[in-house]
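Every number here is computed from the coordinates shown, using simple stated rules; none is lab data. These numbers were taken from a predicted model, which means no experiment stands behind them. Note that each Cβ is placed from the backbone with ideal geometry, even for glycine, and that neighbours are counted across all protein chains shown.
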Amino acid sequence: MMRLVAWLLALLPAVAHAQVAPDSPMVRALREGRAAAPLPGSRGARLVARKIMEQTGSADEVTVEFLRVARFDAQPHCGRVAFGLYQRSSNTVWGQFGGQMNICEDGTPPRRQCTGQPGLVAADTLCQDGSYPTETAEIKAAIAKAVADASHTGEPVGARSDAQRTARGGRE
């Protein structure tokens, strides 16, 4: 399981400052509310999937589930997406193998602000004073809320799955 954690952690820095494909599951979840993707085919991911299948007693596929947590008011084409591992047949979510990301519908991170400059700029912009831009107050607040609520993991994916299952009378 540690290899999957390493895979997920390796993915985060790349996504945080780089553009992801606009048709990626993370962007689809932002637009549509929810999306899923298969685990990568790496040896570590296969090992994690096998361990999860042993734990649940189900040989069905383990996926990465993505769920929109929020849209940003000042940048409505951007929002926060949670992700975690999920096995549909057992309706089990492993949010500890997930997290949350801020992303926009075009696959880029939300725009940021340069101190003393009007307007917002791309995350990889160098400000006039030579510094890098910082998150807006709204995005800082969303991150702080996720940390304060201990929801900065993939746990919102599990909570939403539980709520949906309850609304359907316990059915998948």
### Summary
Once both label points are put 7 Å beyond Cα along the C-beta direction, the residue 149-residue 37 separation in nm becomes 2.4 nm
### Task
Tell me the label-point distance for the pair residue 71, residue 140, using the 7 Å Cα-to-Cβ offset, in nm and rounded to one decimal.
2.5 nm
### residue 121 long-range amide H proximity, modeled H, under 5 Å
112, 113, 114
### Task
Please label the shape of the stretch 49-122 as rounded, prolate or oblate, based on the square roots a ≥ b ≥ c of the eigenvalues of the alpha-carbon gyration tensor (a/c under 1.5 means rounded; beyond that, a/b larger than b/c means prolate, else oblate).
prolate
